[in-house]
């Protein structure tokens, strides 16, 4: 039978934590061939092909259905897949890779604490500076959806490729939408999260692609992995 | 319908020619603005929500472009390019493709790529006359293509502002309500919240500092804010200046002095927004509301009545016309009259034509002044479907 493809992050903390987590569940993931290669397997599960892929490409591959399972952050799934709930199954929350996607403004904006305040300053800002406030972010879709849900539309998105936190001080944007774990980087850059500015509390998940080619046999392999995870990575009671 | 066969294409072309001949006979000059447009103007006018329904992309030079989501903004830009004084009166008509992203996938009534035929009038100082002429011309063009079962729905965003004047509101409340009106989903809640005194301050600025700020002494107020930042070791970063922040805080302080929204006024506004009636009787209903208000005024209604009379004069059968006070709130750039033409066979989700007054658009597109502007566009594929349905 054809194999089940499981994609796991190819580098960084996310890769290490994924490997550790699988080990704790009794599933030993090892690389096949060269240590710097990008293929792997799981001991005792011969029907699983492991692919080491970058986190954002995992989201794309799940969306396209070219892999069955993948481990990546919910932020990347929500950002890159407009119909995530129909294409993607949330199999298991993994309890690491925590990151909040937040709206942050310069701390010196003592007149701004909520999105409603942003709305109030947008028009005077435009009068004085000749443009809408700019939001630097790599999360263009999450940003747009979040502000739309708050009825706020008077801003412009500036796509940011990296070091987003530096944009306000550098004068290339007025505020940012970015991920934060402890808030330390934001503080170091003179930024503060709005009171109602948490867009998404993200963590690493095991996701299933609903548009991949599934067979009953592959489904049972998936169930087996999920069952192993359930034993050693309990889900928070309020998880959806 | 799609026009991927020659026969369908031909039928649509023929219909478009009929529409355009009505427009050009009414002295509208045929123009063909470009399909590729700078995304800037659209993003400024419609906001970032544009990205949710438009094909926006970056070209190899890094310029942000879009496939035009309508032909109104492109026609504005064309007018600005031609005339040093944007208030120069002009009439344009056009037909061409427009493009919109459909999040749930395209369907027959909501294709990604569709055609619009429309008219735009700029620089007319006789407002109601221009509006009635645009409505009548569009209806006449639609009838010429063979559709008989149309109905017309009117709204008036300017009238809401007038009602606020009538209710005797302070400028602050007027502005808040004007903004809230454009967010229909939250409007009822906002109205309720405004009328109760629950808007506690959410800022961490100390009360004493806030109440020490004075518009009459900006320099001292600014110095006080500067000192506060310094004391708390908050660095001033970014493009907003100390004076930007101070001025907004002064506004916040003034807003806190303001009493909650008067409950009579809230009630009046709530009842106005609920009005949906045949165009003939809507005027009387609004008049009734206004007479019961603290300071009654007929001014708000004059332009409504004049417009209705002009429509009747232009041969519009008023029995087919309804007025809905809340209609038009979600439509991007309109500022006064809004209208849509519906066909019985297509239902309310698929109007065959929409239009209205949009006096602020020309300025957003680069003009130095507001320019009176009225226009409308016909969704030609829908019109085709409606006329075919009517004849079969």
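The values are calculated or read from the model by the stated rules, or taken from the named source; none is laboratory data. Since we're looking at a predicted model, the values are computed, not measured. Cβ atoms come from the backbone with ideal geometry, glycine included; neighbour counts cover every protein chain shown.
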Picked from segment B:272-285 (must be touching a helix residue (DSSP H, G or I) at 6+ places or on another chain (Cβ under 6 Å) and closer than 20 Å to residue B:166 by Cβ), the residue farthest from the other protein chains (Cβ to nearest Cβ) is B:283
Name the residue that is nearest to residue A:22 (Cα to Cα), counting only residues in segment A:95-111 that are more than 8 Å from chain B (Cβ to nearest Cβ) and buried (at least 20 other Cβ atoms within 10 Å of the Cβ). A:97
So residue B:324 clears everything in (1) surrounded by 14 or more Cβ atoms within 10 Å (Cβ to Cβ); (2) in contact with a helix residue (DSSP H, G or I) (Cβ under 8 Å, 6 or more places away or on another chain); (3) in the same structural domain as residue B:54 (by TED's automatic domain parsing); (4) modelled with pLDDT of 85 or more except one condition, right? Which one? (2)
Looking at segment A:147-164, which of its residues are part of a helix (DSSP H, G or I), in contact with a strand residue (DSSP E or B) (Cβ under 9 Å, 6 or more places away or on another chain) and either away from every other protein chain (no Cβ under 11 Å) or surrounded by fewer than 21 Cβ atoms within 10 Å (Cβ to Cβ) (or both)? A:164
Can you find a residue that is more than 28 Å from residue B:245 (Cβ to Cβ), touching a strand residue (DSSP E or B) at 6+ places or on another chain (Cβ under 9 Å) and not assigned by TED's automatic domain parsing to the domain that holds residue A:211 anywhere in segment A:132-145? yes
Criterion first (more than 11 Å from chain B (Cβ to nearest Cβ), out of contact with any helix residue (DSSP H, G or I) (no Cβ under 9 Å at 6 or more places or on another chain) and surrounded by fewer than 19 Cβ atoms within 10 Å (Cβ to Cβ)) does residue A:35 satisfy it? yes
Among the residues of segment A:123-144, what is the count of those that are within 11 Å of chain B (Cβ to nearest Cβ), in a helix (DSSP H, G or I) and modelled with pLDDT of 90 or more? 5
Do you know which residues across segment A:60-74 are within 9 Å of the chain's Cα centre (by Cα) and either buried (at least 24 other Cβ atoms within 10 Å of the Cβ) or within 26 Å of residue A:216 (Cα to Cα) (or both)? A:72, A:73
Which one of the conditions (1) within 14 Å of chain A (Cβ to nearest Cβ); (2) crowded, with 18+ Cβ neighbours inside 10 Å; (3) part of a helix (DSSP H, G or I) does residue B:54 fail to meet, given that it meets all the rest? (3)
Of the conditions (1) assigned to a strand (DSSP E or B); (2) away from every other protein chain (no Cβ under 14 Å), residue B:60 satisfies every one except a single condition; which number is it? (1)
I need the full set of residues from segment A:166-219 which are within 14 Å of another protein chain (Cβ to nearest Cβ), without any contact (Cβ under 8 Å) to a residue 40 or more places away in the chain and on the phi > 0 side of the Ramachandran plot, in order please. A:171
Any chance segment B:28-43 includes a residue that's surrounded by 14 or more Cβ atoms within 10 Å (Cβ to Cβ), within 14 Å of chain A (Cβ to nearest Cβ) and touching a residue at least 60 places away in the same chain (Cβ under 8 Å)? yes
Wholly within segment B:164-282, helices (runs of 4 or more DSSP H) carrying at least 3 residues that are modelled with pLDDT of 85 or more: B:207-212, B:218-231, B:242-257, B:263-273
Would you confirm, using the coordinates I've provided, whether residue B:24 is buried (at least 18 other Cβ atoms within 10 Å of the Cβ), away from every other protein chain (no Cβ under 14 Å), touching a residue at least 12 places away in the same chain (Cβ under 8 Å) and not in a loop (DSSP other than H, G, I, E, B)? no
If you scan segment A:84-114, which residues turn out to be touching a helix residue (DSSP H, G or I) at 6+ places or on another chain (Cβ under 9 Å) and part of a loop (DSSP other than H, G, I, E, B)? A:94, A:95, A:96, A:97, A:107, A:108, A:109, A:110, A:111, A:112
Pairs, please: C-beta under 7 Å, at least 6 apart or cross-chain, first residue more than 9 Å from chain A (Cβ to nearest Cβ) and in contact (Cβ under 8 Å) with a residue 24 or more places away in the chain and in segment B:245-259, second surrounded by fewer than 17 Cβ atoms within 10 Å (Cβ to Cβ) and not in a helix (DSSP H, G or I)? B:256/B:201; B:258/B:170
